[in-house]
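These notes concern the structure reproduced below.
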Amino acid sequence: MGAPVDRIKFPTQDTQSMKKNVIIIGAGHAGIQAAASLREEGFGGSICIFSEDADFPYQKPPLSKGYLDGSQQKPSLMFRSEAWYEKNQVELRLGEVVHSVDTENQTLEADSGNYVFDTLIFATGAYNRTLPIPVTGQDEPLYLRSMKDADKLKQALDQAAVQDVLVIGGGFIGLEIAAYASKSGKQVTVVEYQPRLMQRVLPPLLSEHFAAKHQEYGVKLLTGTGVQSLHQEERWTATLSNGDTLEADKIVVGIGVLPGQALAQKAGIRCSNGIEVNEFCETSVKNIYAIGDCALHPNPFAKGQMVRLESVQNAVDQAKVIAASICGKPTAYHQVPWFWTHQYNLKLQMAGLSEGYDELIVRGDVAGEKFSVFYFHEHQLIAVDSINKPADHLQARKWIQAAHSPDRVKLADDTIKLREC
Ligand SMILES: Cc1cc2nc3c(=O)[nH]c(=O)nc-3n(C[C@H](O)[C@H](O)[C@H](O)COP(=O)(O)OP(=O)(O)OC[C@H]3O[C@@H](n4cnc5c(N)ncnc54)[C@H](O)[C@@H]3O)c2cc1C
C-alpha cells in the first residue's frame with residue numbers, strides 16, 4: 001500500500017478484516033501508536049501513514065522542555081527507528097498532505113495522488129491558535145508546535161543580542177518557554193489574558209505557586225492583560241489592553257490550539273470542537289475513526305461529557321482502543337486522563353480532570369515543593385495534581401481508575417502513608 005490507486009490495485013472487498021488496508025492521517029503520538037498497536041494486535045493488512053510534517057516522526061512534549069534546553073537531542077525524540085517501520089511494514093509518507101476524503105468511495109486525495117482505504121484513522125492532532133490582533137513588521141511572532149518551530153525558537157532565543165522576550169499566553173507551553181528563556185538569562189515578560197496562570201486547569205493555589213517560581217527567576221507576569229497589537233521596527237512594540245506599551249526583541253505566542261478537523265468536516269464527518277466520536281472512537285461515518293488531539297469524545301472521567309484532550313496519554317490510549325476494535329475486539333475508551341509539565345525544578349503531574357471539584361485537600365510539604373492537591377466532587381476523588389511527588393501521581397491514577405476515594409481525614413494527615421488512606 002502507499003502508491004496512488006491508479007498504480008496499484010487493492011482487493012476491492014476483502015471479507016477478512018485482518019487483511020484490509022488502513023490509512024492513518026497524522027504521524028504524531030496517536031498515529032504512530034495506532035500503527036504499532038495494530039501490529040501488536042496481529043493486524044496483517046497494509047498500514048500507510050500520511051504526515052504533512054516532513055521530519056521523521058517524533059514526540060512533541062520535549063520540544064518545549066529537554067529539546068529546547070539542549071538536554072535531549074533529536075534521536076531521542078523519535079518514536080521508533082527506521083528499522084521498526086520497515087520490519088513492521090508500516091509505510092510512512094512524510095511531507096505529504098491529505099487534501100480531501102471521499103467517504104462514500106473510501107478514497108482520499110493526497111499530494112501524490114488518490115488512494116483507497118478500508119479503514120481510515122484521523123490522527124490529525126491540533127494546530128496553534130494564531131493571534132487575532134494586528135501584527136505588522138518584517139518578522140513573524142514565534143509559535144511552537146513542530147520540530148521546525150522548535151529549531152527556529154531555539155535559534156532565536158539563544159542569540160546573545162536577544163535580551164527581552166515577550167511571551168503571550170500563560171498556559172503550559174508559554175510558561176515552559178518562559179522558564180527556559182529566563183534560565184538562559186533573558187528578561188522575560190508573560191502577558192496572560194486570564195487573571196491567573198494556567199487558570200483553565202489549575203486551582204489558585206497552584207497558579208500562585210507557579211507564579212511565585214517564575215517571579216523568583218525574574219519573569220514579569222502581567223495577568224488579566226491582553227495584547228492589542230504588535231508592531232516591529234528594530235524591536236517589537238506591544239500595545240497592551242491597559243494602554244501600556246512593551247518593547248521586546250522576540251515575541252513568542254502560546255495561546256492554545258484548535259483541533260485538526262477541517263479535512264473531516266469537508267468530508268461530511270460530524271465535527272464541532274473536534275471530530276466527534278463515540279466511546280470506540282468511531283466517527284459518524286463507517287470505517288472512519290478519530291483519535292488524539294483532534295477527537296471530541298465522551299470521557300467517563302468527565303462524567304461522560306464530550307471532551308477533547310490534548311495529551312500524550314489520550315492519544316496513545318485511544319490509539320490502542322481503535323487498534324483493538326479494528327482487529328475485532330471492540331473496547332470502550334476508559335482511561336484516566338493524565339498530563340505533566342516541567343518548569344524550573346517543578347514537575348507537575350496531573351491525574352484525572354479537576355473541573356467541577358467542590359473540595360480539595362493539600363497533602364505534603366508546600367514550602368519544600370513536594371506536595372499533592374486532591375480534588376473531590378461529592379466525596380468522590382476526581383483528580384490529583386502532584387508537584388515533585390511521582391509516587392502520589394501513580395497512586396492517584398490507580399485510585400481514580402478504580403473509582404476509589406481515599407479517607408479524606410486520613411489523607412489530610414501527612415503522617416499516615418498514602419496507600420493506607
Ligand atoms: C511543545 C509541546 C509540548 C507539549 N507538552 C506536553 C506534555 O508535557 N504532556 C502531554 O501530555 N502533552 C504535551 N503536548 C501535547 C501532545 O504533544 C499532544 O497531545 C500529542 O502530540 C497529540 O498527539 P496527536 O497524534 O493527536 O497529534 P499530533 O502530535 O499533533 O500529530 C498530528 C499530526 O497530523 C498531521 N496532519 C494533520 N493534518 C494532516 C493532513 N491533512 N495530512 C497529513 N498530515 C496531517 C500534523 O502535521 C501532525 O504532525 C505538547 C505539545 C506541544 C506542541
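Residues of region 232-284 being in a loop (DSSP other than H, G, I, E, B), β-branched (Val, Ile, Thr) and under 15 Å from Pro141 (Cβ atoms), which ones? Working first, answer last.
We begin by selecting, within region 232-284, every residue in a loop (DSSP other than H, G, I, E, B); these are 233-235, 241-244, 249, 254-256, 260-261, 267-270, 273, 277-281, 283-284.
Next, only the ones that are β-branched (Val, Ile, Thr) stay: 255, 269, 277, 283.
Selection gives Ile255 alone.
If you take the residues of region 326-346 that are near the ligand (Cβ under 10 Å from one of its atoms) and not in a loop (DSSP other than H, G, I, E, B), which of them is nearest to Lys183 (Cα to Cα)?
Within region 326-346, the subset near the ligand (Cβ under 10 Å from one of its atoms) is 337-342.
Adding the requirement that they be not in a loop (DSSP other than H, G, I, E, B) leaves 338-342.
Numbers: Trp338: 27, Phe339: 23, Trp340: 20, Thr341: 16, His342: 13 Å.
This residue is His342.
How many of the residues making up region 46-69 are touching a residue at least 60 places away in the same chain (Cβ under 8 Å) and open to solvent by less than 60 Å² (accessible area, probe 1.4 Å)? So that I can check it myself, show each step before the final result.
Let us first name the residues in region 46-69 that are touching a residue at least 60 places away in the same chain (Cβ under 8 Å), namely 48, 50, 53, 55, 58-61, 63-65, 67-69.
Narrowing further to those that are open to solvent by less than 60 Å² (accessible area, probe 1.4 Å): 48, 50, 53, 55, 58-59, 61, 63-65, 67-68.
Going through region 46-69 one residue at a time, the tally reaches 12.
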Considering each residue of region 154-174, count those that are more than 18 Å from Thr245 (Cα to Cα) and out of contact with any helix residue (DSSP H, G or I) (no Cβ under 7 Å at 6 or more places or on another chain), and give that number. 10
Please find, among Leu92, Leu153, the residue that is modelled with pLDDT of 95 or more, closer than 25 Å to Val321 by Cα and within 16 Å of the ligand (Cβ to nearest atom). Leu92
Is at least one residue of region 370-388 more than 16 Å from the ligand (Cβ to nearest atom), open to solvent by less than 50 Å² (accessible area, probe 1.4 Å), hydroxyl-bearing (Ser, Thr, Tyr) and part of a helix (DSSP H, G or I)? no
From the list Lys266, Lys320, Lys286, pick out the single residue that is modelled with pLDDT under 95 and open to solvent by 20 Å² or more (accessible area, probe 1.4 Å). Lys286
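Listed here are the residues, each with its yes/no results for (1) open to solvent by less than 20 Å² (accessible area, probe 1.4 Å); (2) outside any loop (DSSP other than H, G, I, E, B); (3) farther than 20 Å from Leu68 by Cβ.
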{"residue": "Leu131", "(1), (2), (3)": "no, no, yes"}
{"residue": "Arg145", "(1), (2), (3)": "no, no, no"}
{"residue": "Leu153", "(1), (2), (3)": "yes, yes, no"}
{"residue": "Gly170", "(1), (2), (3)": "yes, no, no"}
{"residue": "Leu175", "(1), (2), (3)": "yes, yes, no"}
{"residue": "Tyr180", "(1), (2), (3)": "no, yes, no"}
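Which is of a type in the set (Val, Ile, Thr) and within 9 Å of the ligand (Cβ to nearest atom), of Val312, Val307?
Details: Val307 fails: within 9 Å of the ligand (Cβ to nearest atom).
Answer to the selection: Val312.
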Can you confirm whether region 201-219 contains a residue that is modelled with pLDDT of 95 or more, open to solvent by less than 50 Å² (accessible area, probe 1.4 Å) and assigned to a strand (DSSP E or B)? no
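Within region 282-298, how many residues turn out to be touching a residue at least 40 places away in the same chain (Cβ under 8 Å) and either more than 19 Å from Leu258 (Cβ to Cβ) or touching a Lys or Arg at 6+ places or on another chain (Cβ under 9 Å) (or both)? Lay out the reasoning, then the answer.
First, pick out the residues of region 282-298 that are touching a residue at least 40 places away in the same chain (Cβ under 8 Å): 282-283, 285, 287-295.
So of that shortlist, the ones also either more than 19 Å from Leu258 (Cβ to Cβ) or touching a Lys or Arg at 6+ places or on another chain (Cβ under 9 Å) (or both) come out as 282-283, 285, 287-289, 293-295.
The total comes to 9.
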Report yes if some residue within region 74-92 is open to solvent by less than 50 Å² (accessible area, probe 1.4 Å), under 30 Å from Tyr344 (Cα atoms) and free of Cβ contacts under 8 Å to residues at least 12 places away in the same chain; otherwise report no. no
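So, Phe43, is that one within 14 Å of the ligand (Cβ to nearest atom) and either at pLDDT below 95 or surrounded by 15 or more Cβ atoms within 10 Å (Cβ to Cβ) (or both) or not? First the steps, then the outcome.
Numbers: within 14 Å of the ligand (Cβ to nearest atom): no; either at pLDDT below 95 or surrounded by 15 or more Cβ atoms within 10 Å (Cβ to Cβ) (or both): yes.
Taking the combined requirement at face value, the residue does not satisfy it.
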Filter region 233-262 down to the residues that are under 27 Å from Cys294 (Cα atoms) and surrounded by fewer than 23 Cβ atoms within 10 Å (Cβ to Cβ) and list them by number. Ile255, Gly256, Val257, Leu258, Ala262
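Could you look through region 97-110, keep only residues that are of a type outside the set (S, T, N, Q) and surrounded by fewer than 17 Cβ atoms within 10 Å (Cβ to Cβ), and pick out the one that is farthest from the chain's Cα centre (by Cα)? Spell out how you get there, then give the answer.
From region 97-110, those of a type outside the set (S, T, N, Q) are 97-99, 101-102, 104, 108-110; that's our starting set.
Applying the additional criterion that residues be surrounded by fewer than 17 Cβ atoms within 10 Å (Cβ to Cβ) yields 97, 99, 102, 104, 109.
Values: Val97: 21, His99: 23, Asp102: 28, Glu104: 31, Glu109: 27 Å.
Selected residue: Glu104.
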Mind listing whichever residues of region 391-421 are open to solvent by 60 Å² or more (accessible area, probe 1.4 Å) and either farther than 15 Å from Val362 by Cα or among the hydrophobic types (A, V, I, L, M, F, W, C) (or both)? Ala391, Leu394, Arg397, Lys398, Gln401, Ala402, Ala403, His404, Val409, Ala412, Arg419, Glu420
Run down Glu359, Glu369, Glu310 and say which single residue is of a type in the set (D, E, K, R) and within 19 Å of Pro61 (Cα to Cα). Glu310
Residue, farthest from the ligand (Cβ to nearest atom), within region 111-127, restricted to residues that are open to solvent by 40 Å² or more (accessible area, probe 1.4 Å) and part of a strand (DSSP E or B): Asn114
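Got a sec? Which of Pro132, Pro203, Pro195, Pro141 is away from the ligand (no atom under 15 Å from the Cβ), touching a Gly at 6+ places or on another chain (Cβ under 6 Å) and not hydroxyl-bearing (Ser, Thr, Tyr)?
Just a single option satisfies the conditions, and that option is Pro195.
The values are calculated or read from the model by the stated rules, or taken from the named source; none is laboratory data. From a predicted model like this one, the values you see are computed outputs, not experimental measurements. So basically every Cβ, Gly included, is an ideal-geometry build from the backbone, and we count neighbours across all protein chains shown. Only protein heavy atoms, including side chains, enter the accessible area calculation; ligands, DNA and RNA are left aside. Shrake-Rupley method; radii C 1.70, N 1.55, O 1.52, S 1.80 Å.
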